[in-house]
Each structure stands twice: as structure tokens, then as C-alpha cells.
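A short reminder: the numbers here are calculations on the coordinates, not readings from a lab. In this text, all values refer to a predicted model and were calculated from it rather than measured experimentally. Methodologically, a virtual Cβ is constructed for each residue, glycine included, from the backbone with ideal geometry; neighbour enumeration extends over all protein chains shown.
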Amino acid sequence: MSLAMHVPILAIAVPLLGAFALPLMAKVHHRLRDLWALVVGAFTVAMIVTLAVQVFTVGVQVYTLGADTPDATLGPQGFPIRITLVADAMGAFMALISALLGGAALIYALGFLEESKGKTLSMSLFLLLWAGMLGLKLTGDMFNFFVFLELTSVAACGLIGYRAWESRPPEAAFKTLVMFILGGLMVLLAVAILYGEYGALNMAFLSAQIGGSLLDRVALGLLLGGLLMKAGAVPMHMWAPDAYGEADANTAIVLVANTQAGLYALFRVVFTLYGGAATPEVGYLVTTLGALTVLVAVLMAVVQTNLGRLVAYGAISQIGYMLLAAGVGLVTLGVGPEFGRVALQGGVFHMFNDAACIGLLFLCVGAVRRAAGSGDLRSLGGLAHTEKWTSGFFLLGALALAGIPPLNGFASKLMIYQSVFQLSPILTALAVLASILLLAVFVRAFQGAFLGPRQSMSGAPLSPAMLAGMAVLAVVVIAFGLVPDLVVRHLVAPAAEALWTGRDVYLAAVLGG
Amino acid sequence: MEGLTAALMAVALAGLGLWTLVRRRNLIWKLLGLNVASGGSILFLVAVAHRPHARPPIIGLGPGPAADPLPQALVLTAIVIHFATLALSLVYVILLTERRHTQDVPKLERPRRRR
């Protein structure tokens, strides 16, 4: 029994315990709390990386809680009775995304949050949200899926609304929480239906049983509705701009990771759980919603006057690209034309790229608010004179997001365009148009906030920790853009393959044989 | 048969809650609707576990089919989760009421349009 065997559960347990111990550390001294947060964060990232290395070199990792050995998933009657954690390439890939965003957010938060304004509680909730996301990505059991979903909901809404002395954050948090509770209810009903039908909660076991009966389809509808709400896809996106716009910068980027966790949960349901009973209709539905999300969000971004809300709509539009790509993959699932696989790879790759560039943009918004005391584009201007690093990072993030070569957003968007084109040229035209509009929006925002004559500023200077947080993401944006082939081959392709053909491997790893 | 009736009633209850959530304009009413809806989903989970003529799932109570203990365990967890989310949303209602002196959604929305 070495420590390495227990990596999957440690990745969840360490941030969870760290979150509850953090306020105690703060009682002793605030330096000890910062040190504790860094140690917990570093340990979590190390666990995630170790897990990812195991998954990408050896294969699917299964961990059974409470069993004599971690791989004993089946009970005495050959029936899965224990709670299992399963990490396949897709799950490990998503865990890596949360490691990137979580790590950057943690470093940034140390310099960004103010001691008098709830720094301890904010960091504690952040670790809780991180634990919830990791649980959602690694669980192999439908009920824990629901529990971790709710854990992320509560922690996320606590983070959105923790600046309770202002009037708008509680409003945004309330709106978001109602949507999340509703989504959670739908998922719980779906879990109850599936349990009533098959008497099990294990995802692999359920996946082997689901055959597409009426009840199965009702449950699928409920799961799709609940998880799309969580992912913030149009028409269930109304909470997202408020939440992203009102949250602190370090919270906003964890919310991006949280949204992506919802999206991952959706992929897990349609590709793995319902992979055996897949019908193209679901794929067309997801594709349509994806195209709608891209278009509506970009059009809404055009009219925003607040920098935070503008980036928020940009973030929602990127969710649309991922849905679009996954929808195309789903339409062709089981039929097997090559463009479906490329679409899925593009979508999965875009998740990582979106995390890096939207994350970078949100951190820049936080830096702008810190420097100028406001995020209103009508009063901002001339920040480039003093905030050289922030303006550089903002420009980098905006160009990458809009898909300008040689940055990372271009690499994944090109894969999406090429493959979606083979399903429907109109969708590609829409996606390209939206990208161009997005570039225009961000050029306007850059000009409004950073260019122009120097203005007197009310805010405080940047701290080194904030710069370090931004630099982490900027390095990823540039590195992934320079060597996309390498990243696709070693990280993205295995992850996409886990959805595309990996269902059998997943089932075999959990159920044996 | 009782299981099916209970399941249908649970779904009706959830629908009623959702109806309240959508139609009522007051935040407290909306939360009440949400709470009724979560009650419905919890009842649904209990109804799903129903087995006709089953004894309690305790070892030593004799032969015959035993009721499934797992859904009860799940329901306990779900109740705690709903409690937590409801409590948190009530906190936000209190904060909003203190700041804006209303719980009416149209009135809460109005200042934003003017901004």
C-alpha cells in the first residue's frame, strides 16, 4: 500500500480537508494561512499530474473506496456495490485543466484579495470548489456525480456572492444558485429514474444496461437540461454574465473551470453513459445549441460597456464552440467518419485553450479593476501607459481567443472549422463570423481600456503574485500555440479517443473482462 | 402499484413546485416553489425504492424480500444538500432585502435597465 495507489482519492480529499483547515490556520496567522493554501494547492496539482501521467502512460485508473484493494470494484455477486473513482484520459485531461486554472487562481488570489475583505473565506471556498470539480471529473458513480455537482454549486455561489457588502454580487449569486439548484434537481430525478430502472448507480454498469427505453430517454433529457444549465449554454445562460461579471477575477477563472466541469459531465453522460444507445438526434440538438450559444453570446458581447461582462460573454461563446464540436462528434458517433473524430479533438483541445485564454483575460480584468478602480469601458482609457504587463497579457489573451495564428486558439478553432464544415458549411460560416465579431469586440475593448491619453488613476499597483498568476496562463497560451501537434498527439488525442471509442475500455476497466 | 402512484404524485409535486418558481414574482415564493420541487424529487427517489410486501432491510428479521436500503441513504444525503442550498439562497434573499428593500423580482430588475 503505497501513497501512489491512493492518488485519485487524495486529489479530492486534500483540497477538501485543506478548505476546512484553512480558517483555523488563519486564526494563528495570515502568513501561515497563505503558506497552507500554497502547500495544499501544490499537493493537489502534484496529485493531478501524477494521476494524469498514470492514465496517459498505463491506462484507465480505477479506485474503489472501502475495498481491500483499489481495483476490487465488484461485490461478491459480481455486482458493483461500492463507490468507485474512475480516471480515464478525458477525466485526467479535465483534471489537468482544473490544475492549471486552480493553480493560477490560487497564486493570483494571494496578491489580489484584500485581508479586510474576506480573504480567508474566499480562499477556503475556492479550495472547496476545486475539490468538488475534481470529484465530478473523477467519480464513476451517478449519485456522487450529483453530490459533487451540488458541492460545486454551493461553493461557486458562495464565491460569487461573498462580497456581501455590495448590492450586486448577492443578486448574481442568488440567480446563479436558483439555476444550479434547478439543474441539480433535474440530475437527481434522472439518477432516481436510472436507479429505479436498473437498481445500480455505477456509471459503467448503467452504461452496459441502458438500451434506449422511454425512461432512459426521459432521464437523458433531464441530465442534458440540468448539465446544460450548469455549463451556461444558450438558452440557459442568463446567470453566467452576472456571475462572471460580479465575481472577483480569481473566482471568475475558477468559475470557467466549473463551467467546463459541467460541460465535461455532459460529455461523460452522452458519450459514456449513453454511448451504447446514442442517436444522432441528440447530436443535432447539441450542435444547434452550440451554434446558438456562439452566435447569441458574441452578439451580446458587442453591446457590453463593462469589461468584466464583455469577457463573460466571450467566455460563454467559447462554450458554444465546444458544444458545436462535441455535437458533430455525437452525430457521427458509432458511424465513424474521420471528421467526427477531428471535431471531437478540436472541441477537447479548445477546452484547454479556452481555459488558458479566457482565464488570462479575466485575470487582466481584475488587474484593470485594481489599477483603475472600475471596469467601465466608458470611463477607462490610457492604461497601457502604466500597466504594460496587463495590456500585453490582455492583447495576447484576446488574440488567442479570437483564433489568430500562431496562438493556441487558432490551432483548436481550425480543427473545429475543418470538421464542422463536413457536416454543414453553414455552421462553419457562422462560427468563423462569430470569431471575427469577437476579434472586433476585443479590439474595441483593448482600445477603450488601454489606449488613448493617460488618465489619473485611483487604484493600487499590481502585486507580484498577480503578475505570476497571469504569467502562468500566458506561457500556456504561447506554448500550446507553438507546438499544437505535440499537444494534440500526447494529450488531446487520447482524451478525445476516450470519448470517441473509449467507452468499451472504460466499461472493461470497471466491470472487468 | 403503490410505488407507481407515489412516483406519479412525486412528479406532480415537483411540477407544482416548478410552476410556483416560474409564476411567482416574490423571491421567498420562488424559493418555496424550489423547495417543494426538491421535496418532489426526494419523494420520487423514495417511491422508486418501493417493493411490495418487503420487510425492513435488517439482518435477522427473517426470510422474504427486503426493502432496498440504498435509496434511503441517498435521500438523507439529498435532503442535507437541499437544506444547504436553500439556506444559502435565503441568506442572499436577506442581503437583497436589506440592500434593495424589496423581494419583488420586477422591482429588483428595474434599476439595472436604467443603468
Here the Cα Rg-to-2.2 N^0.38 Å ratio for region A:374-467 is 1.36
In Å, the Kirkwood hydrodynamic radius from C-alpha pairs for region A:269-345 sits at 13.1
Footprinting proxy, A:237, B:50: sorted fewest to most Cβ within 10 Å, the residues are B:50, A:237
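Could you tell me which trypsin sites (Lys or Arg not before Pro) in region A:290-381 are loop residues by DSSP with no more than 14 other beta carbons within 10 angstrom of their beta carbon? Display every interim value, and only then the final one.
Details: sites: A:309, A:341, A:369, A:370, A:378; in loops: A:378.
Filter output for region A:290-381: A:378.
For region A:464-513, state the average projected area of the convex hull of the C-alpha atoms over all orientations, rounded to one decimal in nm². Can you show the working numbers first?
Details: hull surface 21.2 nm².
So the Cα hull casts an average projection of 5.3 nm².
Please return the longest stretch of chain A lacking exposed loop sites, where GluC sites (Glu not before Pro) count only if DSSP places them in a loop and at most 11 other Cβ atoms lie within 10 Å.
Numbers: sites that count: A:114, A:115.
Here the longest segment lacking exposed loop sites spans A:116-513.
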Going from the fewest other Cβ atoms within 10 Å to the most, one would list A:119, A:413 as A:119, A:413
Scalar couplings 3J(HN,Hα) for region A:230-243 by Karplus 6.51 cos²θ - 1.76 cosθ + 1.60 (θ = phi - 60°), nearest whole Hz, x for Gly and Pro, are 5, 7, x, 7, 4, x, 9, 9, 4, 6, 5, x, 4, 4
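Once the convex hull of the alpha carbons of region B:57-115 is built, what does its volume come to per residue, in cubic angstrom? Working shown, then result.
Numbers: hull volume 7.3 nm³, N = 59.
It is 124 Å³ per residue.
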A chain fully extended from residue B:109 to residue B:54 at 0.36 nm per residue, minus the present Cα-Cα distance, gains in nm 14.5 nm
Here the Kirkwood hydrodynamic radius of region A:279-482, Cα-based and in Å, equals 17.2
Sorted by chain and then number, the residues having a modelled amide H within less than 5 Å of the amide H of residue B:50, at least 5 places away or on another chain, are none
Karplus ³J(HN,Hα) for region A:33-40 (6.51 cos²θ - 1.76 cosθ + 1.60, θ = phi - 60°; Hz, whole; x = Gly/Pro) runs 4, 4, 4, 4, 4, 5, 5, 4
Amide H contacts under 5 Å for residue A:139, restricted to residues at least 5 apart in sequence or on another chain and with H modeled in the peptide plane, are A:86
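Just round it to a whole percent: the fraction of Cα-Cα distances in region A:181-254 exceeding 14 Å.
Working: 1777 of 2701 pairs.
Beyond 14 Å sits 66 percent of the P(r) for region A:181-254.
Kindly state, to the nearest 0.05, the FRET efficiency for residue B:79 paired with residue B:102, given R0 = 25 Å and r defined as their beta-carbon distance. It would help to have the intermediate numbers written out before the result.
Details: r = 31 Å, r/R0 = 1.24.
Result of the calculation: an efficiency of 0.20.
What's the whole-number percent of alpha carbon pairs in region A:2-100 lying beyond 19 angstrom? Walk me through the intermediate numbers first.
Values: 2422 of 4851 pairs.
When every Cα pair of region A:2-100 is considered, 50 percent fall beyond 19 Å.
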Cα-only Rg/Rh for the protein assembly as shown with Kirkwood Rh rounds to 0.96
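Using the Cα gyration tensor of region A:50-185, with a ≥ b ≥ c the square roots of its eigenvalues, what is the shape: rounded (a/c below 1.5), prolate (a/b larger than b/c) or oblate (neither)? Write out the running numbers ahead of the final one.
Details: a/c = 2.95, a/b = 1.77, b/c = 1.67.
Verdict is prolate for region A:50-185.
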Phi-derived 3J(HN,Hα) across region B:16-33 with the Karplus relation (6.51, -1.76, 1.60, θ = phi - 60°), rounded Hz, x for Gly and Pro, is 4, x, 5, 4, 4, 4, 7, 7, 6, 9, 8, 4, 5, 4, 4, 5, 4, x
Taking a ≥ b ≥ c as the square roots of the eigenvalues of the Cα gyration tensor, with a/c under 1.5 meaning rounded and otherwise prolate when a/b exceeds b/c and oblate if not, region B:2-109 is oblate
Beyond 28 Å (Cα-Cα) in this structure, taken from A:137/A:413; A:117/A:137; A:230/B:30, we find A:117/A:137
Under 15 Å by backbone N from the virtual spin label 7 Å along Cα-to-Cβ at residue A:468, the residues of region A:32-59 are A:32-43
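Most exposed first by the Cβ proxy, i.e. fewest other Cβ within 10 Å, how do A:316, A:160 rank? Before the final figure, lay out the partial values.
On the way: A:316 25, A:160 30.
Ascending number of Cβ neighbours within 10 Å: A:316, A:160.
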Distribution output for region A:200-347: share of Cα-Cα pairs per 5 Å bin in percent, first bin at 0, values 2, 10, 18, 21, 17, 14, 9, 6, 3, 1, 0
